[in-house]
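As structure tokens, the structure follows; a few thoughts come after it.
Derivation of every value follows stated rules applied to the coordinates shown; laboratory data play no part. Model, not experiment: these values are computed from the prediction. Note: ideal-geometry Cβ built from the backbone for every residue, glycine included; neighbour counts use all protein chains shown.
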Amino acid sequence: CGKPEHEHKSTLRAMGVPTFYRYVHDRWPRGRSDCAEPVAAGPSAAAGPAAVEFDALYLDFNGLVHNATHPQDRPAPATRAAMMLEIFRLVDRLVAVARPRRLLYIAVDGVAPRAKMDQQRSRRFLTAEERRVAAVPVSEAAAAAAEAAEPGSGGAACSFDHNAITPGSAFMADLRHSLRYYCASRAASSPAWRRLEVVLSDSAVAGEGEHKIMDFIRQQRRQPGYAPDTSHCIYGLDADLVMLSLATHELRVHLLREWVPVGAERFR
């Protein structure tokens, strides 16, 4: 409506609640605490004397997939098989940190509502166009070699387009099958997983991951014999998880996040 083109682009890219976590971080410093991570974080890692345990652990999985496929602090995995192994390693790490006693709920983003789908599509088209314009020209031989090296083929390292992390893509289909194998393998071999009820809501189930988690918690509250002091631990990097967790009216809800330098911590 009369706005310049660059303003339209910035509007299309806006997602979540910008700087909200920083506001909560600075305004209520006593509402957060550091979580002690076991030295050997793995499927058979034992909890230390100061470890915290929760009844249920919920994973908003798309943020974890992004961290595994194109991390900021280390080289990205070269093949699709290496990406899946890195995803499994991160899940093992989170289970070792939170030590769930009853439930592990893995929520992968499914098909979003139409309004958000249009917004995501516009933002991803802009990202792909900017990447195409800024790309360095390569020879035909190099382009053919990069095209031949499919992720997961075990060939040369190839660039991964993170726009593939969306419902309906071949990458998400591979992730669905890999997660089913991973959960079955851990439940059969890991002592920490044998006592858990594992629920996998993959990209074939409509809805965003955080809303699947909240809907599952509300359904549990309606079940007879539900303990009101059940402790919930939700892993996710979206700022709206703070407000969604408050809206559940549960007594014990904790958010587990990766450590990110905020405010003065950036200069330490």
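Descriptive notes on the structure:
- Sorting the segments 175-185, 221-231, 21-31, 88-98 by their mean number of nearby beta carbons within 10 angstrom, highest to lowest, gives 88-98, 175-185, 21-31, 221-231.
- Alpha-carbon centroids, the stretch 56-116 and the stretch 193-257: separation in whole Å: 16 Å
- Phi angles of the stretch 211-228 translate, via the Karplus equation with coefficients 6.51, -1.76, 1.60 and θ = phi - 60°, into HN-Hα couplings of 6, 4, 4, 5, 5, 5, 5, 5, 5, 5, 5, 7, 6, x, x, 5, 7, x Hz per residue; Gly and Pro are given as x.
- Amide proton proximity set for residue 231, modelled H, under 5 Å, gap of 5+: 55, 56
- Summarising the amide proton neighbourhood of residue 206: residues at separation of 5 or more, or on other chains, whose placed amide H is nearer than 5 Å comprise 111.
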